[in-house]
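Asks: Below is a structure I'd like to ask you about.
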Amino acid sequence: MKSNLRIFFLCSACLLGAPALGWAADYEPPIVVDQAPEFVPVEVGSGWYLRGDVTYSFNESPFEAFGDIGFDVDHVRFGGGVGVGYHFTDMVRGDVTLNFLSSDEARFESDVFDARLENQVWTGMANAYVDLGTYSGLTPYLGAGLGIMYSRNTSELTGFGFIDEVTDTQSEFAYALMAGVSYKVGTNSSIDVGYQFVSSPGTEFADPSSFEPDEGLDYHQIKVGFRYDLW
């Protein structure tokens, strides 16, 4: 009888243990996958911007006095420029620009001789600006610049059986003062409208009243600019 009980318990233990062994054989440990790091794009050119400007000069032509002695004077008041800049902080930015300021021409024609004077003016400037906060989408700013004024003067005399043409160039110190307001028209683009004063105290130009070169060219301009941020 005892032998039969032992056999019965032994068989029961085998029956109960068999599923457990099967479950142990079927068990697979969970697969742990390390999460891939989040992709963060690298910003290329962050803070940099491109700009383009159109200007209108409302001062008189430096050749204006030639009109008093019979010359026809043309004064091209529209100009423009391009540049590249950088936002140093939310308030301070700077740029380097190349600008065409104006072109002037004075002509005299007669039966004896013809005379023509032409003057073209360019500037290369390094500028700094302070943005004074944004109010209802408008950001007023103040700015100043230092650089070089380049002028190209051509004089031509035709008559008496000959043609004489002389070209002279100058590169003199120049400075600029600016004030205006900008408006953001897109995520990366802004339009600004402002006043700009450009002066070169050492640049010479012809003065018919004294028949001597006079010094000092000043330009009072309205400037409309477009800036595109390279984010």
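Asks: How far, in nm, would the chain grow between Ile148 and Val54 when pulled straight, counting 0.36 nm per residue and subtracting the alpha carbon separation?
Replies: Numbers: separation 94, 0.36 × 94 = 33.84 nm, distance 1.92 nm.
Net length gain for the segment: 31.9 nm.
Asks: Expected output is a single nm value to one decimal: the length gained when fully extending between Asp207 and Thr169, i.e. 0.36 nm times separation in residues minus the C-alpha distance. What is it? Before the final figure, lay out the partial values.
Replies: Numbers: separation 38, 0.36 × 38 = 13.68 nm, distance 1.66 nm.
Here the answer is 12.0 nm.
Asks: A further question follows. Expressed as a whole percentage, what fraction of the accessible surface of segment 96-231 belongs to carbon and sulfur atoms when a 1.4 Å probe is rolled over the protein heavy atoms? Working shown, then result.
Replies: On the way: 4410 of 7170 Å².
Ligands and nucleic acids excluded, carbon and sulfur reach 61 percent.
Asks: Note down the Stokes-Einstein diffusion coefficient of segment 89-225 in µm²/s, whole number, using a Kirkwood radius over alpha carbon pairs, 20 °C, and 1.002 mPa s.
Replies: On the way: Rh = 17.4 Å.
The estimated diffusion coefficient comes to 123 µm²/s.
Asks: Now for a different question. Rounded to a whole number, what is D in µm²/s for segment 90-160 from Stokes-Einstein with the Kirkwood radius over alpha-carbon pairs (10 °C, 1.306 mPa s)?
Replies: Details: Rh = 15.6 Å.
Diffusion coefficient, whole number: 102 µm²/s.
Asks: Cut-off 12 Å, label point 7 angstrom out along Cα-to-Cβ of Ala128: give me the residues of segment 146-185 whose amide nitrogen falls inside.
Replies: Answer for segment 146-185: 146.
Asks: Between Leu98 and Ser110, what length comes free when the chain is fully extended (0.36 nm per residue of separation minus the Cα-Cα distance, one decimal in nm)? Walk me through the intermediate numbers first.
Replies: Numbers: separation 12, 0.36 × 12 = 4.32 nm, distance 3.87 nm.
Full extension of this stretch gives 0.4 nm more.
Asks: Moving to a separate point now. Once phi is turned into θ = phi - 60°, what whole-Hz ³J(HN,Hα) does the Karplus curve with 6.51, -1.76 and 1.60 give for every residue of segment 193-203, x standing for Gly and Pro?
Replies: Those phi angles translate into 10, x, 10, 9, 10, 10, 9, 9, x, x, 6 Hz.
The values are calculated or read from the model by the stated rules, or taken from the named source; none is laboratory data. Note that the structure is a prediction, hence the values are computed from the model and not measured. Glycine gets a Cβ as well: all are built from the backbone with ideal geometry, and neighbour counts include every protein chain shown. What goes into the accessible areas is simple: the full protein's heavy atoms, side chains included, and nothing from ligands, DNA or RNA. Shrake-Rupley method; radii C 1.70, N 1.55, O 1.52, S 1.80 Å.
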